[in-house]
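The values are calculated or read from the model by the stated rules, or taken from the named source; none is laboratory data. Since the model is a prediction, treat every value here as computed from it, not as a measurement. Glycine gets a Cβ as well: all are built from the backbone with ideal geometry, and neighbour counts include every protein chain shown. Calculation scope for accessible area: heavy atoms of the full protein, side chains included, ligands and nucleic acids excluded. Shrake-Rupley method; radii C 1.70, N 1.55, O 1.52, S 1.80 Å.
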Amino acid sequence: MDTTLTAILLGIVEGLTEFVPVSSTGHLILATELFGYDAKQWAMFNVVIQLGAILAVVVQYWGTFWRAGMGVLRLEAQGLAFLRNILLAFLPSAVLGLALKDYIDIMLGSPSVVAWALIAGGIAILAIEKVAKTGDYVEVADLPMRQALGVGLAQCCAMIPGVSRSGATIMGALAMGINRKTAAEFSFFLAVPTMIGASTLELLDKGHQLTSGEGVGWSELGIGFTVSFFVALAVIRAFVAYVSRSGFAPFAWYRIVLGIFAVGWLTLR
């Protein structure tokens, strides 16, 4: 497949799936199998398109981040509480991610793990949606520390490819009684330090591809970053409004159908 077309398709996949509970990493791993491109050659590209998705969150919620930042500098309670909750939720995955990096890398090379995780995650979403009793919308800064830490612990499940970082954090939040809109926004905000941390580790590991010629070219990187940014921005704007009205069941069924298809395809190919 033409490298420009591959860059566009992967940018779309990343933008569509990063912030909804269907696993962007899982989709990229399955795309590797489906499109047949060299995953090692495109490893750095996958890091870059994640940064495009991160930028979409920062742009969409710039006012929130600005107010929180100014609040921290002025030692205001609301800004400090926002920072506290994001850090509490970020720390568990940061610690475990560093400790288990080698094991995570092994799982990232297994599309069968992704397929079964998609199915299991879809079933979990349906179950949690059925039993969860959520409260009213509140700002992320107003969540108690135990709920922020609980969301962070739930995020650790996403170290298994196919689970979905956004799915784990949102479902963990719902299970603790957090409102759907609050859960989605918390997942978006938490994505920024989590994905920057993960991308930094990948840059340290694979950054040599930018100058060695082992990876794809700068034009593909630019295309993928741009496509991922704009698609993710559109998804973020639509996602919160949708799930506030309709819930997460459609994403659960999508995961289950895709996972079953992937298991069958991987078995028969």
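Annotations for the structure displayed:
- Equivalent ellipsoid semi-axes - Cα gyration tensor, the chain, angstrom: 29, 23, 17
- Accessible-area composition of region 24-114, carbon plus sulfur, in percent [1.4 Å probe]: 69
- Within the listed set P21, P193, P161, the residue fluctuating most in the Gaussian network model of the chain (springs between alpha-carbon atoms under 10 angstrom) is P193.
- Residue by residue, region 73-82 carries 3J(HN,Hα) couplings of 4, 8, 6, 7, 4, 5, x, 5, 5, 4 Hz when phi is fed to the Karplus relation 6.51 cos²θ - 1.76 cosθ + 1.60 (θ = phi - 60°); x denotes Gly or Pro.
- Look at the dipole of region 38-146 built from charges on Cβ: of L73, W116, G63, the Cα furthest out on the positive end belongs to L73.
- Taking the Cα centre of the chain as origin and assigning +1 to Lys and Arg Cβ atoms and -1 to Asp and Glu Cβ atoms, the resulting dipole is close to 740 debye.
- Rounded Å value of the spacing that divides the Cα centres of region 1-45 and region 121-151: 29
- Probing with 1.4 Å while keeping every protein chain in the model, the per residue accessible area of region 1-96 equals 45 Å².
- When you count the other C-beta atoms within 10 angstrom of each residue and take the mean per peptide, 69-79, 137-147 line up highest first as 137-147, 69-79.
- Peptide ranges 248-255, 228-235 listed from the most packed, as the mean C-beta count within 10 angstrom indicates: 228-235, 248-255
- Look at the alpha carbon pairs under 8 Å that are at least 6 residues apart: their mean separation over the length of region 134-211 gives a relative contact order of 32 percent.
- When only Cα pairs below 8 angstrom with a gap of at least 6 residues are kept, the chain shows a relative contact order of 38 percent.
- Pairwise FRET efficiency - K40 versus R269, Cβ, R0 = 25 Å, nearest 0.05: 0.75
- Peptides 40-48, 25-33, 184-192 ranked from most to least packed give 184-192, 25-33, 40-48, packing being the mean of other C-beta atoms within 10 angstrom over each peptide's residues.
- Counting only Cβ charges, +1 for Lys and Arg and -1 for Asp and Glu, the dipole size of region 72-221 around its Cα centre is about 460 debye.
- For region 112-269, the spread of Cα positions along each principal axis, largest first, Å: 52, 43, 27
- Considering helices alone, the calculated mean residue ellipticity of the chain at 222 nm is -26000 deg cm²/dmol, with DSSP H runs of length four and up weighted by -39500 (n - 2.57) and normalised per residue.
- For R74 and V131, the difference between the fully extended length at 0.36 nm per residue and the C-alpha to C-alpha distance is 16.4 nm.
- Relative contact order, whole percent, for region 71-168 stands at 45, derived from Cα pairs under 8 Å and 6 or more residues apart.
- Note on K101: lysines with a C-alpha under 28 Å away, same-chain residues under 8 apart excluded, are K40, K206.
- Here the Debye sum runs over all C-alpha atoms of region 20-144 as equal scatterers in vacuum, and log10 of I(q)/I(0) at q = 0.10, 0.21, 0.23 Å⁻¹ comes out as -0.50, -1.30, -1.33.
- What a 1.4 Å probe finds exposed on region 139-266 is 69% carbon and sulfur by accessible area, rounded to a whole percent.
- Principal-axis tilt of helix 111-131 within the chain, Cα atoms, nearest 10 degrees: 20
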